[in-house]
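What follows is a single structure, written as structure tokens, with notes after it.
Readers should treat all values here as calculations from the given coordinates under stated rules, not as data from a laboratory. Owing to the predicted nature of the structure, the values given are computational and were not obtained by experimental measurement. Positions of Cβ are generated from backbone atoms using ideal geometry, with glycine treated the same way; all protein chains shown enter the neighbour counts.
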Amino acid sequence: MTDATRASLADRLLAGERGALARMISWAENAHAGFPAALEAFWSRVGRAPRLGITGPPGAGKSTLVDELARAVRAQERTVGVLAVDPSSPLTGGALLGDRIRMEDHTTDPGVFIRSMASRGSHGGMARAAVDAMDVMDAYGLDEVFVETVGVGQAEYDVVAAADTVLVVLCPGAGDGVQALKSGLLEVADVIAINKADLPGADRLATDMEESVHIRTAGREVWTPPVVTCSAGRRDGVERVLEAIASHRAHLEDHLVEHRRAKRVQQVRQVVGQRLDHALWVTGACAPRVEAHLREGVTPYAAAARLFEDLTRSLGDLVQEPSA
Ligand SMILES: Nc1nc2c(ncn2[C@@H]2O[C@H](COP(=O)(O)OP(=O)(O)OP(=O)(O)O)[C@@H](O)[C@H]2O)c(=O)[nH]1
Ligand SMILES: [Mg+2]
């Protein structure tokens with residue numbers, strides 16, 4: 001593909017062409033070689049849409065709530081892009097993407113753009129692909145960007161952590177709060193929604209979560225995630241979730257730029273990590289050297305230490321030995 005064609009896809013995206021939006025997201029998803037140049041072309045239009053990450057255990061009601069939040073955005077005549085990231089692999093036989101997003105009502109509404117992404121299909125990292133896709137939706141001009149993932153692993157956290165505000169959705173039952181604590185969901189939460197408040201145990205779970213949040217944040221100058229209850233399935237209490245999101249956005253207001261820059265540092269870190277991994281290992285540059293060390297009978301740690309020493313020598317001041 002020529003540079004001219006690349007530029008034109010970015011132009012078409014900026015002109016508001018929906019086909020170009022879908023295609024550019026595919027570029028992001030597949031780590032297309034033309035993506036970095038395209039991003040360059042539309043970078044000045046990135047940064048306008050507030051980004052909301054939604055995560056939580058399987059079946060908590062994330063998609064149902066996303067559907068309701070999208071409805072609320074549309075009621076204000078604002079447009080919204082929804083990215084549903086699915087971690088299911090062919091091995092676990094997870095549900096099909098289409099089954100996981102319940103936005104049937106919105107399919108004919110041009111003000112809602114829905115896209116699913118399978119993590120197994122993304123070359124070189126789910127978080128990278130998702131962040132790139134959010135940048136695309138933002139540049140296209142969608143007023144709000146949502147990204148939903150099942151909170152089951154680090155890769156999914158990396159996806160939502162790139163959003164401005166992270167909404168963690170929990171529901172009573174299935175080991176509820178303890179599970180959330182164990183899986184580190186609270187670490188990433190800016191707002192906690194206890195969904196299925198129509199079911200028994202929701203209030204207790206809300207109290208437990210409030211206590212956990214309090215323990216985490218007491219005496220520290222940090223944001224205290226509000227805990228709100230709702231029944232998205234019954235369209236009940238969704239306004240409380242919206243208010244809590246709005247309060248976090250208001251809190252960010254003054255330092256949104258710094259907040260986002262810190263998240264971009266993480267993005268750069270991931271890109272550098274991948275490039276280093278590629279340069280050191282995929283190209284086969286390091287393996288023979290390490291094999292030679294191992295042949296001498298040294299431990300893997302000693303072999304790693306030698307390699308690290310070589311690397312730090314060539315990287316100079318940038319690299320600091322991790323303190324023992
Ligand atoms: N009782 C009750 N059920 C709800 C509520 N909200 C959603 N559900 C149901 O919970 C189930 C899971 O809802 P989803 O919105 O698909 O949950 P999810 O968290 O997106 O699920 P995954 O994407 O598969 O992890 C569905 O059967 C919903 O109808 C609610 O407020 N109360
Ligand atoms: Mg879902």
- Message: For the pair Leu307/Glu243, report the inter-label distance in nm, with labels modelled 7 Å from Cα in the Cβ direction.
- Response: 5.5
- State, as an integer percentage, the relative contact order of region 201-287 based on alpha-carbon contacts under 8 Å between residues 6 or more apart. 14
- Query: Once phi is turned into θ = phi - 60°, what whole-Hz ³J(HN,Hα) does the Karplus curve with 6.51, -1.76 and 1.60 give for every residue of region 43-58, x standing for Gly and Pro?
  - Reply: 4, 5, 9, 8, x, 8, 7, x, 10, 10, x, 10, 9, x, x, x
- Mind listing which GluC sites (Glu not before Pro) in region 14-92 are in a DSSP loop and have 12 or fewer other Cβ atoms within 10 Å? Glu77
- Message: Using 0.36 nm times the number of residues separating Gln154 and Trp43, minus their current alpha carbon distance, what extension gain do you get?
- Response: 37.2 nm
- Gyration tensor (Cα) of region 266-316, equivalent ellipsoid semi-axes in angstrom: 23, 12, 9
- Task: Could you pull out the trypsin sites (Lys or Arg not before Pro) across region 18-48 that fall in loop regions by DSSP (anything but H, G, I, E, B) with no more than 13 other Cβ atoms inside 10 Å?
- Result: Arg48
- Message: I want to check the label-to-label distance for Ala292 and Arg18. Put each point 7 Å from Cα in the C-beta direction and report it in nm to one decimal.
- Response: 6.0
